[in-house]
Amino acid sequence: DEDLEVRPFGMPPEADWVLSGRYQFDRALMRNPLIYRLSNEAGEYAVRPRFVEVFINTGGGNLSYSSDYFGVYTFMEKIKRGPNRVNVKRLGPEHAAEPEISGGYMLKIDNPDPGDMGFSAGSMQIMYVDPKENEITTKQRKWIIDYIRNMYKSLVRFDEEMGYFNYIDGDSWVDHHILYEFTKNTDAFHHSSYFYKDRGRKMEYGPIWDFDRSMA
């Protein structure tokens, strides 16, 4: 509870940031920043990046390119719930019935965080982002799992009562599908994929994340 909210490079104030160096697959150093900007310009939130040059000087004295320079990194926002990031309502343990229990949930299809197991729904293994796995209640866990399973079943139906448009925010899913296919992202739909459900709203896709192995 001692986080200090700051505004680096004119970005909205927050306490959690990422300094990313994706040298192994993204030798151009711009695949992630490019697609994040395209997403924001399309009206779909993605983390806001800034290019920075990183120096690490542990010995004191003047900075030197020859001994302290570590190269070009991307300084950017961390994916998290917040009014200036993924703007979904807080889901607390006191929210045990509808409409409050209907959001907000942040989830991902990705490697689990340490100690997490996630859950299986819609033929995928899904991980909790917010609330975290050790914070979500049994009722909330059941509610979101049932929602995703019904959403998955609805994809094969085309009637108004059970159709997928009752569960999915179509615009956000179409926008993100285009961004994944346009860039030929090999991680698309099975890795580094985030989605969220706000209170009283349908499931939305995003924010996009991890495009270092795209555009090849």
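Just so you know, in region 118-150 the residues that are small (Gly, Ala, Ser) and touching a strand residue (DSSP E or B) at 6+ places or on another chain (Cβ under 9 Å) include one that is modelled with the highest pLDDT, and it is GLY118.
Among the residues making up region 137-154, those that are of a type outside the set (D, E, K, R) and in a helix (DSSP H, G or I) are THR138, GLN140, TRP143, ILE144, ILE145, TYR147, ILE148, ASN150, MET151, TYR152, SER154. Each residue in region 16-49 was checked for being assigned to a loop (DSSP other than H, G, I, E, B), open to solvent by 30 Å² or more (accessible area, probe 1.4 Å) and over 16 Å from GLY206 (Cβ atoms), and 10 pass. Among the candidates GLY103, GLY163, the residue that is out of contact with any Asp or Glu (no Cβ under 8 Å at 6 or more places or on another chain) and open to solvent by less than 20 Å² (accessible area, probe 1.4 Å) is uniquely GLY163.
Can we say ARG157 is open to solvent by 70 Å² or more (accessible area, probe 1.4 Å), closer than 21 Å to ARG81 by Cβ and either assigned to a helix (DSSP H, G or I) or touching a Gly at 6+ places or on another chain (Cβ under 8 Å) (or both)? Judged against the criteria, ARG157 is not a match.
Considering only region 61-74, I want to know if a residue exists there that is touching an Asp or Glu at 6+ places or on another chain (Cβ under 7 Å), assigned to a loop (DSSP other than H, G, I, E, B) and modelled with pLDDT under 95. No: zero hits. Filtering region 1-25 to residues that are of a type in the set (D, E, K, R) and either more than 28 Å from ASP187 (Cα to Cα) or at pLDDT 85 or above (or both) leaves ASP1, GLU2, ASP3, GLU5, ARG7, GLU14, ASP16.
This table checks each residue for (1) open to solvent by 40 Å² or more (accessible area, probe 1.4 Å); (2) over 20 Å from LEU29 (Cβ atoms); (3) out of contact with any Gly (no Cβ under 9 Å at 6 or more places or on another chain).
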site	(1), (2), (3)
THR58	yes, yes, yes
GLY71	no, no, no
THR74	no, no, no
VAL86	no, yes, no
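So that you can scan it fast, the table gives a plain yes or no per residue for (1) more than 23 Å from VAL18 (Cα to Cα); (2) of a type in the set (Val, Ile, Thr):
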site	(1), (2)
ASP171	yes, no
THR183	no, yes
ALA188	no, no
SER192	no, no
ARG199	yes, no
ARG213	no, no
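Selection of region 88-99 for residues being touching a residue at least 60 places away in the same chain (Cβ under 8 Å) and out of contact with any Asp or Glu (no Cβ under 8 Å at 6 or more places or on another chain) yields only PRO99. Annotation note: of ASP187, ASP198, the sole residue that is of a type in the set (Asp, Glu) and surrounded by fewer than 19 Cβ atoms within 10 Å (Cβ to Cβ) is ASP187. Within region 168-201, the set of residues being touching a strand residue (DSSP E or B) at 6+ places or on another chain (Cβ under 6 Å) and in a loop (DSSP other than H, G, I, E, B) comprises just one member, ASP169.
Within region 113-127, the residues that satisfy the criterion of being under 16 Å from THR138 (Cβ atoms) and open to solvent by less than 40 Å² (accessible area, probe 1.4 Å) are GLY118, PHE119, ALA121.
Looking only at region 201-216, count every residue that is touching a residue at least 60 places away in the same chain (Cβ under 8 Å) and open to solvent by 60 Å² or more (accessible area, probe 1.4 Å) and tell me the total. Looking only at that region, the number is 3.
The values are calculated or read from the model by the stated rules, or taken from the named source; none is laboratory data. Since the structure is predicted, the reported quantities are computational estimates derived from the model, not experimental observations. Backbone-built Cβ (ideal geometry, glycine too); neighbour counts: all protein chains shown. Side chains included, ligands, DNA and RNA excluded: accessible areas come from the protein's heavy atoms. Shrake-Rupley method; radii C 1.70, N 1.55, O 1.52, S 1.80 Å.
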